Amino acid sequence: MHGRPRRPDKPEDAAAAEAKAAKLRDLQAQVLHNHHSRTYTKEALGLSFKLLEINPEAYTAWNYRKLAFQHNIGELSEPEAIKSAIDDELRVVEVALRQNPKSYGAWYHRKWLLNQKLAPVDFKREFGLLDKLLKVDARNFHGWNYRRFLARFMGVPEEEELKYTMDKISDNFSNYSAWHNRSILLSNLLIKQSKGFESKQKIFSEEFELVTQALFTDPSDQSGWFYHLWLLAQTSSPENPQLIASWPSNGSNLSLSSLSSICCYSLKEGILPIVLYFNEPVKGLSSSSVSLNSDLVVSKNIQWRPLSVTDSGHSNCWVTYLEVSNLECNSLQQFSVEVSITNSDEIVSRSGSNYNCPVHFSFTFELSNNDSTAKDIDPIHELISWDFSEPPLSHVNPSCICFEQLKITNSLVHKESNWHLERLSDEIDLFRELHDDNSKFAKLTLARLLLACAAIKSRGSSLVERKGYCEESLGLFNDLIDLDPSHKRYYEDERSLVLMDQLTCDMEAFKKYCSVKALPKLAPLNHVQLCRLSLTRIGFAERLLWVQMLDLSHNNLRSIEGLEALQQLVCLNLGNNQISSFTALEPLTKIISLKVLDLSCNEIGTHLIDTTRYICPSPFSHRVEACEAFEECRKKNINVEEFWDAILFFKHVNLVQLCLEGNAVTNKENLRTLVVTLNPSLKWLDGKFVH
């Protein structure tokens with residue numbers, strides 16, 4: 001329960017706990033025996049009741065009672081007998097909830113019983129139970145979740161439930177669960193355009209006034225701050241998902257070796273990726289929602305794949321790969337591709353909003369007979385150096401760097417909302433008045449308000465104002481790192497996003513970080529150097545889709561999430577960062593063009609217990625490709641249990657050059673054998689030629 005201090009155990013408590021544990025073990029053994037033998041007698045049910053009375057988290061006992069209920073109810077025909085059986089089960093739940101009001105199994109069992117719809121539900125009793133529980137703990141989210149279930153079950157209007165949340169908030173501004181339920185109800189009412197909820201501006205203005213009262217009443221309480229954050233997200237983001245970047249860009253011309261066009265390295269592999277990047281995670285991209293026309297023979301069942309999968313298959317970035325390897329070109333030949341997205345009910349954001357901003361763009365690419373015959377010849381036949389202190393080569397045309405990717409297509413420009421800016425500006429002025437140098441919530445909220453204004457300005461042309469917002473938010477995040485060291489990493493990540501935004505939002509300013517690198521038999525590659533900026537994470541990857549050589553060395557990167565969108569990336573330098581495991585490199589397995597990777601002087605293998613190793617799918621998931629890789633390594637006497645994360649990574653990349661020196665993992669026996677075995681195309685490892 002909230003607010004109850006922990007007390008040290010007394011000697012007699014240990015003896016009582018031991019006796020309780022012995023009783024539990026005995027009861028559990030008897031219940032399991034009855035469960036396996038399908039014994040559903042009154043005595044057997046009594047034993048399960050005793051177990052749940054002591055330990056409401058015994059999920060098997062709840063499942064056993066469900067099976068027993070279904071078995072016994074089938075033998076009853078009288079309505080009164082059925083109702084009596086249901087009431088008995090409900091009482092068991094109530095006893096369990098007295099022991100633990102936050103028992104998942106107990107609440108789920110109660111919902112399951114009501115969903116059987118075998119007898120009329122006594123809603124007065126149900127709501128009465130909830131009122132008693134919420135008086136004891138008004139923030140019990142299980143109780144609020146059950147209330148939402150009951151309201152839907154009996155068809156209580158959401159407007160009435162919204163009033164109930166207001167009553168609870170009036171009783172106590174610190175009721176986080178009431179604020180949370182209010183956000184859910186308001187979202188539903190606004191989506192449905194219910195009576196009185198047609199105007200978002202009016203509703204959100206009133207909500208801002210409400211939460212501001214709570215914040216100024218008790219600035220140290222978290223509940224209001226989280227609700228304010230939700231309001232801010234609703235106010236600063238477009239209502240519907242938008243396409244904000246694509247590769248190839250509209251009107252671009254691609255080739256493998258022509259100096260007058262943009263180099264597309266993947267053409268050598270016979271593959272042309274098309275990337276679509278949205279402002280928020282969406283799902284539903286398919287051949288029916290995205291139209292693709294070309295003078296190539298394009299399959300009608302073209303597959304769009306999410307690159308960074310979130311829950312339910314949503315992703316900001318989607319890609320499809322055009323197969324061009326079978327084209328026969330006797331001479332230089334140009335092909336065109338057109339991509340169209342119309343208003344589509346299939347493309348949906350996580351909030352349930354549909355894509356409604358039609359987009360059309362086209363590009364061309366060139367192939368020659370030399371390109372098709374050079375498929376098996378890798379042009380990277382010499383060691384790539386990351387020393388780019390020299391100025392760009394004079395004969396290279398800087399226009400090859402496709403800065404158009406930094407621009408939003410005219411049809412996608414979201415008009416600045418005067419109301420949004422006015423509302424956010426008022427909030428900024430208000431929180432500047434809440435002058436408390438020690439309030440981390442006030443500083444964090446002010447920083448988020450400033451960045452929300454900067455985001456709206458980025459959809460227009462007010463770069464000077466944007467710069468001011470970003471500079472002030474950077475100062476606030478620096479203050480927060482000192483003020484709240486326990487959340488230092490979060491503030492550093494947020495600061496990195498602001499830095500990435502500043503660096504990439506203005507083409508003219510960004511040019512100083514860009515150059516071109518000429519490789520033999522290749523058109524110049526676009527090179528971006530973002531070194532020594534104290535970056536801890538990557539942001540605004542949609543502005544870097546055109547980058548082919550990226551130097552992120554000498555930062556503090558712990559994650560490289562977002563780089564998977566850079567489908568043109570050929571060379572990547574991650575040296576001198578804080579990457580701690582091979583699983584942190586999983587985004588790189590989705591980049592088909594990656595050939596050169598520098599991981600020198602990171603922290604791979606340093607930590608004895610590295611939980612990030614378990615972020616990726618289990619190596620024991622029996623996937624065919626994983627099993628084949630493990631078997632291949634076992635034949636080389638490689639310890640699969642020790643190197644499973646490295647195996648899964650190197651199995652899915654096709655590198656020509658790799659540097660691992662300066663990582664603790666290089667001291668382990670057989671790592672070199674593993675890398676060479678799984679990467680037969682590797683030519684250089686740690687600067688030395690692989691024989």
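Structure notes:
- When the Cα convex hull of segment 189-246 is projected onto planes of every orientation, the mean area is 5.3 nm².
- The stretch between SER37 and LEU430, if pulled fully straight at 0.36 nm per residue, gains 134.8 nm over its current Cα-Cα span.
- Carbon plus sulfur fraction of accessible area for segment 11-172, probe 1.4 Å, in percent: 54
- Cα-Cα separations in segment 535-604 greater than 21 Å, expressed as whole percent: 13
- Shape index of segment 418-505: Rg/Rh, with Rg the Cα radius of gyration and Rh the Kirkwood radius from the inverse mean 1/r over Cα pairs, equals 0.97.
- In order through segment 581-593: 3J(HN,Hα) via Karplus (6.51 cos²θ - 1.76 cosθ + 1.60), integer Hz, x for Gly, Pro: 7, 6, 5, 5, 9, 3, x, 5, 5, 9, 9, 6, 8
- Convex hull of alpha carbon positions in segment 508-689: directionally averaged projected area 10.8 nm².
- Distance between the 7 Å Cα→Cβ label points at ASN100 and LYS117: 3.2 nm.
- Dividing the convex hull volume of the alpha carbon atoms of segment 11-172 by its residue count gives 117 Å³ per residue.
- Separation of the SER291 and HIS71 label points, Cα + 7 Å toward Cβ, nm: 6.1
- The mean accessible area for residues of segment 418-505, using a 1.4 Å probe and ignoring ligands and nucleic acids, is 45 Å² per residue.
- Charge dipole of segment 508-689 about the Cα centre (unit charges at C-beta), most positive-ward option of ALA565, ILE647, LEU585: ALA565
- Loop GluC sites (Glu not before Pro), segment 531-589, which have at most 16 other Cβ atoms in a 10 Å radius of their Cβ (DSSP): GLU561
- Equivalent-ellipsoid semi-axes of segment 92-135, from the Cα gyration tensor, Å, largest first: 18, 14, 7
- Over all Cα atoms in segment 476-519, the spread is summed up by Rg and Dmax: 15.1, 48 Å.
The values are calculated or read from the model by the stated rules, or taken from the named source; none is laboratory data. This structure is a prediction, so every number in the text was calculated from the model and none was measured. Counting neighbours? That spans all protein chains shown, and the Cβs are built from the backbone with ideal geometry, glycine included. Quick note on the areas: whole protein, heavy atoms, side chains included, nothing else; ligands and nucleic acids left out. Shrake-Rupley method; radii C 1.70, N 1.55, O 1.52, S 1.80 Å.
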